[in-house]
1. Looking only at residues in the range 120-157 that are of a type in the set (Val, Ile, Thr) and either under 19 Å from residue 289 (Cβ atoms) or not in a loop (DSSP other than H, G, I, E, B) (or both), which one is nearest to the ligand (Cβ to nearest atom)?
2. Listed residues 185, 163; which is small (Gly, Ala, Ser), modelled with pLDDT of 95 or more and more than 23 Å from the chain's Cα centre (by Cα)?
3. Where the second residue is within 16 Å of the ligand (Cβ to nearest atom) and not in a loop (DSSP other than H, G, I, E, B) and the first is farther than 19 Å from residue 137 by Cα and lies in the range 230-247, which pairs have Cβ atoms under 7 Å and are six or more apart or on separate chains?
4. Can you confirm whether residue 48 is over 26 Å from residue 283 (Cα atoms) and open to solvent by 30 Å² or more (accessible area, probe 1.4 Å)?
5. Just wondering, is there one or more residues in the range 320-333 that are free of Cβ contacts under 8 Å to residues at least 40 places away in the same chain and open to solvent by 40 Å² or more (accessible area, probe 1.4 Å)?
6. Could you list, in sequence order, the residues of the range 294-317 that are more than 16 Å from the ligand (Cβ to nearest atom), touching a residue at least 24 places away in the same chain (Cβ under 8 Å) and not small (Gly, Ala, Ser)?
7. So in the range 107-127, with the set limited to residues that are free of Cβ contacts under 8 Å to residues at least 60 places away in the same chain and within 11 Å of residue 65 (Cβ to Cβ), which one is surrounded by the fewest Cβ atoms within 10 Å (Cβ to Cβ)?
8. Looking at 90, 102, 58 in this structure, which one is under 26 Å from residue 179 (Cβ atoms) and modelled with pLDDT under 95?
Amino acid sequence: LKILLKADWIITRELEEIKDGYAVIKDGKILSYERRKPEADYFELELELKGILYPPFVNAHTHLELSGIDFSPEKIEDFISWLRWIVKKVRSLKREELREAVERGLRESLAGGAAFVGDISSFGVSPEVLKDKGVVFREFIGKEPPRNFPTPLSIHSIYSVSADAIRELVRRSLDRGSPYQIHVAESVEEVKFARCERNRFEEEIYPFLGRERYERLCAEGVVDYLKRVGALTEKLIAVHITNLNEKEIDELTERGAGVVLCPRSNVHLKVGFPSVARLMGYEKLSLGTDGRSSNLSLSIVSELKALYYALRGEVSLRRLFPLITTNGAKVLEIGDYWERAIFTFLKCDRAYPDPFAPLLLDEVEFEILDFSSTPVI
Ligand SMILES: [Zn+2]
């Protein structure tokens, strides 16, 4: 089946901008982009779209199972008090609420234009709901590495997973060639933990959980800690990195690790702001909303806006755009992203002089157009 799409603007997967462009789709795959209508060709379906056709947006870090949690940044004093609050909240979740939460989160995410999410599943519910709409990382927290745990994995963090378990789970991921997410240096307390300095995990969180620090592995910082447990590889997806210094950030990028920033979540939890300038131009730099457990919406475009304004408008939307599209696909290793005929579409009543400025507007509504299986007519 051959389809021709025309739109006021098309952004290709190579991030080229075509005004009044065409996309040719054959059997669910993007065959080509054209500046002029391919005359000699026959199409079973021709659609003229008033608006902007983007590559599908990618939200590289979410916790959709936690979409039912009533988070308010105004109630949060600091990261450690939030952690105590969220541990209690998560413990009280009922199984039947989880499915509904994932469905609700997915709906919200799709309405925000994200056709793909990198979701962290603590309960194993989101894989059933998400299917091909994302990559689900099964989360592990604890001391003993579990047997028969499906990959890809989320190894929660260095303060919540034992060094032995991190080693083992990374080894298993590498054996299977699968990426793994780790929350990295989200708070300054984690840096102190890595260095074996006094920290509030040991003083407040572990007593609250009724356990002690698993082992005293002392490092120069969080990245050095990851190195010592064999976790600093190109399959690592480092989430947050709010409290890494420039040298540590360079080590991550030199190693080829993926990075996901969640700027609004960082602001809500008052943990600082990542060094974005250092990372601009890195092709495995992506954005995530984090969960409703630390954010007020799952709109990846709102995340982009927050970043744009935090950078005082000095980095253009055009340069930030890969963070919610192709970079996210590289980080999550969505192999068919470049050919699969799925688009994020923004319907516009008037023609815009450029295709990125509308991303800053309020009240824009995105649609996911999926021609990758049966065409929607
Ligand atoms: Zn997270």
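1. Here is the first cut: in the range 120-157, the ones of a type in the set (Val, Ile, Thr) are 120, 125, 129, 135-136, 141, 151, 155.
From the residues that got through so far, the ones that are either under 19 Å from residue 289 (Cβ atoms) or not in a loop (DSSP other than H, G, I, E, B) (or both) too are 120, 125, 129, 135-136, 155.
Details: 120: 6, 125: 16, 129: 18, 135: 14, 136: 13, 155: 12 Å.
Filtering the range 120-157 for residues that are of a type in the set (Val, Ile, Thr) and either under 19 Å from residue 289 (Cβ atoms) or not in a loop (DSSP other than H, G, I, E, B) (or both), the one nearest to the ligand (Cβ to nearest atom) comes out as 120.
2. Working: 185 fails: more than 23 Å from the chain's Cα centre (by Cα).
The conditions single out 163.
3. 242/266; 243/190; 244/222
4. Working: over 26 Å from residue 283 (Cα atoms): yes; open to solvent by 30 Å² or more (accessible area, probe 1.4 Å): yes.
For residue 48, the condition - over 26 Å from residue 283 (Cα atoms) and open to solvent by 30 Å² or more (accessible area, probe 1.4 Å) - is met.
5. Within the range 320-333, none of the residues are free of Cβ contacts under 8 Å to residues at least 40 places away in the same chain and open to solvent by 40 Å² or more (accessible area, probe 1.4 Å).
6. 301, 304, 305, 307, 308, 311, 315, 317
7. In the first step, residues of the range 107-127 are kept if they are free of Cβ contacts under 8 Å to residues at least 60 places away in the same chain; the result is 107, 117, 119, 121-124, 127.
Retained after the next criterion (residues that are within 11 Å of residue 65 (Cβ to Cβ)): 119, 121-124, 127.
On the way: 119: 32, 121: 23, 122: 19, 123: 16, 124: 13, 127: 16.
Result: 124.
8. Numbers: 102 fails: modelled with pLDDT under 95; 58 fails: modelled with pLDDT under 95.
Answer to the selection: 90.
The values are calculated or read from the model by the stated rules, or taken from the named source; none is laboratory data. Keep in mind it's a predicted model, so treat the numbers as computed, not measured. In this analysis, Cβ positions are derived from the backbone assuming ideal geometry, glycine residues included, and neighbour counts consider all displayed protein chains. For the accessible areas, the whole protein counts, side chains as well, though only heavy atoms, and no ligand, DNA or RNA atoms are used. Shrake-Rupley method; radii C 1.70, N 1.55, O 1.52, S 1.80 Å.
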